[in-house]
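Below is one structure, written out as structure tokens; the observations come after it.
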Amino acid sequence: MPSNGRPEWPNARWVGAIDSAVLNDHGDIHLQESEGYLHARLLVRERGFIRGFVDATVTAGVIDRDHLLSLVSQLPPADDSSADVRLPSFTVVVCTRNRPQYIRTSLAAILRLDYPDFNVVVVDNASTTSATQDVLATEFDDPRLIAIIEPMAGLARARNAGLLRATGEIVAFTDDDVVVDSQWLRELAAGYAKADNVDCVSGLVPSGELRTRVQGYFDDRVTWSKIIESRVYNLANPPVSLPMFPFCVGEYGTGANFSVRRSAALALRGFDTAFGVGTRTGGGEDLDMFVRVILDGRTLVLNPAALVWHRHRDDIGELRQQAKGYGNGLGSWLTKILIHPRTFKIAFVRSPHALKQLVSIAWRKPEVSVVQSNAPADEFDRAISRVGWYELASVAAGPFLFLRQRLGGERVMR
């Protein structure tokens with residue numbers, strides 16, 4: 001992922017990927033555009049299969065080969081189970097709003113994908129200028145690309161517009177601030193072969209840039225960038241390790257990287273337009289879809305090999321805004337769960353675990369220090385310490401926001 005600048009903190013990590021199969025025949029690893037970085041995070045693959053992440057020391061833009069081999073040797077072996085995978089047709093849906101500089105990079109990577117049968121629908125969702133349309137019209141001349149406008153703001157509404165315009169058997173959703181891996185669609189397709197009756201497959205969303213303390217903080221808090229083993233979720237086999245199942249936050253993936261069988265999504269009446277960025281609730285449309293898939297008796301697979309690289313917010317103000325959206329979205333979605341008789345009965349017995357999970361939002365600490373450990377607390381330290389509480393307070397506002405949005409007539413796709 002192209003960097004937006006030089007590293008701004010000592011624990012910044014240069015981000016990339018490497019195949020461990022080439023290490024024995026390779027010398028020291030020289031990193032591109034790595035000036036100022038003392039550490040690197042590498043996603044390690046072996047013959048295309050994910051083994052995990054390593055954090056390596058960087059000296060003058062170079063990682064010592066023996067040092068890297070030692071780190072890689074501590075990773076679990078690759079899951080090399082393979083099977084003949086049918087390659088269904090895909091439609092990739094990308095929703096964007098007022099970010100032409102992001103859609104340019106994201107779309108270029110999508111159109112380079114190694115996959116035989118796919119097209120792309122870009123949904124321009126209530127942009128206030130024509131800049132996005134100008135970029136699409138002047139910089140992309142590809143018959144696989146369809147650009148549409150959804151004039152009413154709301155990410156769920158934009159996703160529904162893309163779903164209706166899609167022609168592929170599978171509809172893959174991603175965001176405008178990511179760079180998709182070249183094997184993304186092939187690995188999503190592989191997810192549908194990992195179990196019977198799979199109707200939803202999500203993937204890994206690792207950090208594509210860890211240049212600032214804000215990005216480091218966010219990366220340490222989220223779970224969807226760290227799960228590296230495949231998982232299968234359905235009501236017939238509830239996971240004993242998830243007492244909140246199926247009401248799990250962060251376990252199924254995230255809206256930046258998932259796919260749904262189009263027929264299943266239409267049977268579920270699409271995304272609930274009471275949720276999503278651009279509405280009062282600010283988020284939650286992806287979690288709502290994941291849980292509805294499972295509650296409908298369908299199977300969801302998380303296949304981490306289907307990955308996209310995400311650029312986290314690098315400014316404390318943007319981080320607070322993102323935390324607010326996550327909190328509002330979560331509180332709104334919980335309200336929907338609690339006011340529906342069927343889901344209320346299921347959720348009620350899980351409420352002690354839910355309370356514990358909510359409190360952990362405020363108390364969760366970063367795994368990698370983003371504070372100045374040998375210096376007095378600065379304004380950043382104080383601001384970071386308040387982000388969790390800000391998100392928790394935003395959860396509390398969710399019920400009011402959800403009811404206002406719902407009373408405004410927002411429903412699942414008509």
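What to note about this one:
- Flag for F258 being within 24 Å of A158 (Cα to Cα) and of a type in the set (F, W, Y): yes
- Subset of the range 177-187 [modelled with pLDDT of 95 or more, surrounded by fewer than 23 Cβ atoms within 10 Å (Cβ to Cβ) and within 16 Å of H310 (Cα to Cα)]: V179
- Counting only residues that are out of contact with any Phe, Trp or Tyr (no Cβ under 9 Å at 6 or more places or on another chain) and closer than 16 Å to A305 by Cβ, the range 23-56 holds 9 of them.
- With respect to the conditions (1) out of contact with any strand residue (DSSP E or B) (no Cβ under 6 Å at 6 or more places or on another chain); (2) over 30 Å from R47 (Cβ atoms), L145 lacks only one, and its number is (1).
- Search result, residues across the range 193-219 that are of a type in the set (D, E, K, R), touching an Asp or Glu at 6+ places or on another chain (Cβ under 8 Å) and not in a loop (DSSP other than H, G, I, E, B): R213
- A78 being within 21 Å of the chain's Cα centre (by Cα) and of a type in the set (G, A, S): no
- Matching option when the condition is in a loop (DSSP other than H, G, I, E, B) and under 27 Å from R104 (Cα atoms), among R6, R41: R6
- Residue in the range 259-277 that is assigned to a loop (DSSP other than H, G, I, E, B), in contact with a strand residue (DSSP E or B) (Cβ under 7 Å, 6 or more places away or on another chain) and surrounded by fewer than 23 Cβ atoms within 10 Å (Cβ to Cβ) present: no
- Residues located in the range 51-86, provided they are of a type outside the set (S, T, N, Q), exposed (fewer than 15 other Cβ atoms within 10 Å of the Cβ), on the phi < 0 side of the Ramachandran plot and in a loop (DSSP other than H, G, I, E, B): P76, P77, D80, A83, D84, V85, R86
- Inter-residue pairs, beta-carbon under 6 Å, first over 18 Å from L210 (Cβ atoms) and free of Cβ contacts under 8 Å to residues at least 24 places away in the same chain and in the range 40-64, second in a strand (DSSP E or B) and of a type in the set (S, T, Y), 6+ apart: none
- G16 being farther than 30 Å from P143 by Cβ and either part of a strand (DSSP E or B) or basic (K, R) (or both): yes
- Among (1) closer than 15 Å to V180 by Cβ; (2) in a loop (DSSP other than H, G, I, E, B); (3) modelled with pLDDT of 95 or more, the one test that P143 misses: (1)
- One residue stands out among those in the range 188-225 that are among the charged types (D, E, K, R) and in contact with a strand residue (DSSP E or B) (Cβ under 8 Å, 6 or more places away or on another chain): the one that is surrounded by the fewest Cβ atoms within 10 Å (Cβ to Cβ), which is D196.
The values are calculated or read from the model by the stated rules, or taken from the named source; none is laboratory data. Keep in mind that this is a model prediction, so the values were computed, not measured. So basically every Cβ, Gly included, is an ideal-geometry build from the backbone, and we count neighbours across all protein chains shown.
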